[in-house]
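The values are calculated or read from the model by the stated rules, or taken from the named source; none is laboratory data. From a predicted model like this one, the values you see are computed outputs, not experimental measurements. All Cβ positions, even for glycine, are placed from backbone atoms using ideal geometry, and neighbour counts span all protein chains on display. The protein model used for the area step is the full one, side chains on, heavy atoms only, and it has no ligands, DNA or RNA in it. Shrake-Rupley method; radii C 1.70, N 1.55, O 1.52, S 1.80 Å.
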Amino acid sequence: SLYRLSDFTKFRDNQTFFNYFFWGALIIITFYNFILFFQLRGKIYLFYVFNNIVILLFVLGQSGLISELFFTNSKYYEEVLLVFGNIAFIFYVLFCKEFLELKTYRPKLNRIFNRILLFWPIPMILIPFNQSEIAVAIGGLIAIWAYTMIMITAYRSIKRHDPGALFFFIANLFYYLGTIISILQLAGVLPTVFLGLYAINFVQIGTLLQVSLFSLTVGSRILKMQQEITERQLEQERIK
């Protein structure tokens, strides 16, 4: 795109403000859950923290800031996105596996996810050999399948009245919606500026809504644990 200098400065200032707001909010949410991990020692919190950190790096890469700061040109822009995107997928699946308790309720699906995570680094191995398009194709197909299965499992968890499942389901819907709008903008189906926002902004909004609702999801899991502890204590009192 070509801009007048004054227009570009205005655009850049708006995007910078938007980026700082997003990064600040994500860092606060991540730090809060990092504290929860040390207090409760649950794997789910650690997976969630790493998921947020890698998402932050991914969005920093998508906004172009990592390429701008660390490379003399944008030669490695796509490679940066692919690497962080693949790592984010790993922690996202680990978090979802733990939250949805696939080992207990969907053991077959849990084993399939374990195998996927075992072979998931393969797309990243293709990147240094200039096979980014093949890596994107493989990663994209697996990610679409994985997200679909996670959403189906989350929906079934809602019907099972699992605490936090509704927040989890809605959180993913926000993220998927933001990503789809972003892709349609990049593909030229939607205008470059849609509802006053650019493609990267929809990804940021979807991501922020997702991790915010994930925090409520994790919070509901804490309440569930507290209720279970209270019930065990009451049962022990009745036995005495």
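Listed values, structure above:
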read-out: Matching residues in segment 18-37 - criterion: being under 17 Å from V54 (Cα atoms), open to solvent by less than 40 Å² (accessible area, probe 1.4 Å) and among the aliphatic types (A, V, I, L, M); value: A25, L26, I29
read-out: Those residues of segment 153-165 which are surrounded by 12 or more Cβ atoms within 10 Å (Cβ to Cβ) and either of a type in the set (G, A, S) or in a helix (DSSP H, G or I) (or both), in sequence order; value: T153, A154, Y155, R156, S157, I158, G164, A165
read-out: Set I44, I35, I28: member being free of Cβ contacts under 8 Å to residues at least 24 places away in the same chain, within 23 Å of E101 (Cα to Cα), out of contact with any Pro (no Cβ under 8 Å at 6 or more places or on another chain) and in a helix (DSSP H, G or I); value: I35
read-out: Residues located in segment 215-240, provided they are modelled with pLDDT of 75 or more, part of a helix (DSSP H, G or I) and not acidic (D, E); value: T230, R232, Q233, L234, Q236, R238, I239
read-out: For Y105: the one exception among (1) within 20 Å of the chain's Cα centre (by Cα); (2) closer than 30 Å to L216 by Cα; value: (1)
read-out: Single match in V49, V54, V93 (criterion: β-branched (V, I, T), crowded, with 16+ Cβ neighbours inside 10 Å, touching a Gly at 6+ places or on another chain (Cβ under 9 Å) and within 21 Å of I27 (Cα to Cα)); value: V54
read-out: Residues (of a type in the set (A, V, I, L, M) and either open to solvent by 30 Å² or more (accessible area, probe 1.4 Å) or at pLDDT 80 or above (or both)) located in segment 61-81; value: L65, L69, L81
read-out: Subset of segment 166-204 (residues that are β-branched (V, I, T), touching a residue at least 60 places away in the same chain (Cβ under 8 Å) and part of a helix (DSSP H, G or I)); value: I200, V203
